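Just so it is clear, none of the values below were taken in a lab; they were calculated from the coordinates. Since we're looking at a predicted model, the values are computed, not measured. Backbone-built Cβ (ideal geometry, glycine too); neighbour counts: all protein chains shown.
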Amino acid sequence: MAKEKQIAVLPGDGIGPEIVDEAVKVLKRVARMFGYSFTFQYGLIGGAALDETGQPLPEETLHMSQKADAVLLGAVGGPKWDDNPGDLRPEKALLGIRKALQLYANLRPAAPHEQLIHNSTLKEETVRGVDLIVVRELTGGLYFGEKKRERTEDGEVAVDTLVYHEHEIERIVRKAFEIARLRRKRVTSVDKANVLESSRLWRSVVERVAPDYPDVTLEHMLVDNCAMQLVRRPASFDVIVTENMFGDILSDEAAILTGSIGMLPSASLGDGNIGLYEPVHGSAPDIAGQGIANPIATVLSVAMMMKYSFGDEEAARAIEQAVHKVLDAGYRTADLAGDEHTTLTTAEYGDKIVDMLEK
Ligand code: NAD
């Protein structure tokens, strides 16, 4: 019997609908190959939702996403809504949906494809062999703590509060160890334990949890050192786990190792199997509607969906391999094309990936 899954599809703005179409194409073929019955339910989010309903994250979208087994998101935002006030900005929907689905772990892999290594700003020999994932705590820390701004006799004062509860640290750290078990079994926990009390708690929780995963090697690293090692010896990392703000910065740093924004997938996970899958890039309004966007980041995001929400590593690998084969065959979208390549449109690229899919 086919495995039934409901997927909420939220294309969003700009190139969102174009790239999401290709990822859905891939999922439909995967369903036939691996015995799934996917139901795709489409919802409004971001600017598209603002135009239609006056809200960036309508109740209906939220409700549908909460009932789904997984959510596929394109991107939100664009110049049309740039002057909107804070609560009515398209990007507000991202925080809202992550919070409502209680997605506390953000996963961003960086593994440059051999054919694209020359796109990196680092030397080829430094980037070759990089295959890492940053696991970032997404719902706590400095970004969510109490904020204050006041005038004093000394002038203005601003305060941001960095709070972490033990249980918030434990669940993200366990997630990282579990992910490491599916990979090369190496965790680097990043903190600033020489200065911050929250980091000292972080480190003690990591130490307490680690013995439950005796097959995984653990190292602690201070965040400033990690920022350096990421550009010095990035291939030595497997799973990097860290708090919200450090993860925000380090995951962007790790992203540039691959050199191409159109290639980077992401997943946001909570407890249980539900996850939200989206490319790292934005809505690229400068190329929207032209049919030239690179769909690879979104297609690799659905590979992550197969792995993390549906526990199907074989299907995930099949998608990743199909992408590699299309790149190996010299096909590129405009953002990556050189003279020696065959340039394809977004839709043609999706078709090529589907053609290359095999068990
Ligand atoms: P962006 O990632 O949209 O674009 C940066 C550059 O990369 C642009 O030149 C764009 O053409 C190119 N690019 C991005 N994705 C591409 C793809 N798949 N194929 C080919 N080229 C691609 O970032 P930005 O320009 O800073 O932001 C544009 C809008 O997107 C803003 O409104 C921003 O707030 C929003 N944004 C949304 C998300 C999200 O939805 N998760 C993330 C970042 C930015």
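Quick one: which of Lys99/Lys185; Lys92/Lys192; Lys25/Lys325; Lys5/Lys185; Lys99/Lys147; Lys67/Lys175 span more than 27 angstrom between C-alpha atoms?
Violating the 27 Å limit, Cα to Cα: Lys99/Lys185; Lys92/Lys192; Lys5/Lys185.
Please report the net charge: other residues with Cβ closer than 14 Å to the Cβ of Pro85, K and R +1, D and E -1.
-2
Could you give the size of the charge dipole of the chain about its Cα centre, using +1 on the Cβ of each K and R and -1 on the Cβ of each D and E, expressed in debye and rounded to the nearest 20?
On the way: 40 positive and 56 negative charges, 207 e Å.
Once rounded to the nearest 20, the dipole reads 1000 debye.
By the scheme Lys and Arg +1, Asp and Glu -1, what is the net charge of all other residues having a beta-carbon under 10 Å from that of Ser251?
It works out to a net charge of -1.
First obtain the Kirkwood hydrodynamic radius of the range 312-358 from its Cα pairs, then insert it into the Stokes-Einstein equation at 25 °C and 0.890 mPa s, and state the resulting D in µm² per second as a whole number.
224
Can you check what the Kirkwood hydrodynamic radius comes to for the range 149-291, Cα pairs only, in Å to one decimal?
Numbers: mean 1/r = 0.0575 Å⁻¹.
By the Kirkwood definition, the hydrodynamic radius is 17.4 Å.
What ranking of Asp339, Asp21, Asp83, Asp191 emerges when the number of other C-beta atoms within 10 Å of each C-beta is taken as an exposure proxy, fewest first? Could you put the intermediate results ahead of the total?
On the way: Asp339 4, Asp21 17, Asp83 8, Asp191 24.
By the 10 Å Cβ count, ascending, the order reads Asp339, Asp83, Asp21, Asp191.
Starting from the Kirkwood Rh over alpha-carbon pairs, what translational D in µm² s⁻¹ does the range 69-153 have by Stokes-Einstein at 25 °C and 0.890 mPa s?
After rounding, the answer is 144 µm²/s.
Going by C-beta contacts inside 10 Å, put Asp248, Asp51 in order with the fewest on the left.
By the 10 Å Cβ count, ascending: Asp51, Asp248.
For the chain, what is the per residue volume of the convex hull drawn over the alpha-carbon atoms, in cubic angstrom?
Enclosed volume per residue, from the Cα hull, is 155 Å³.
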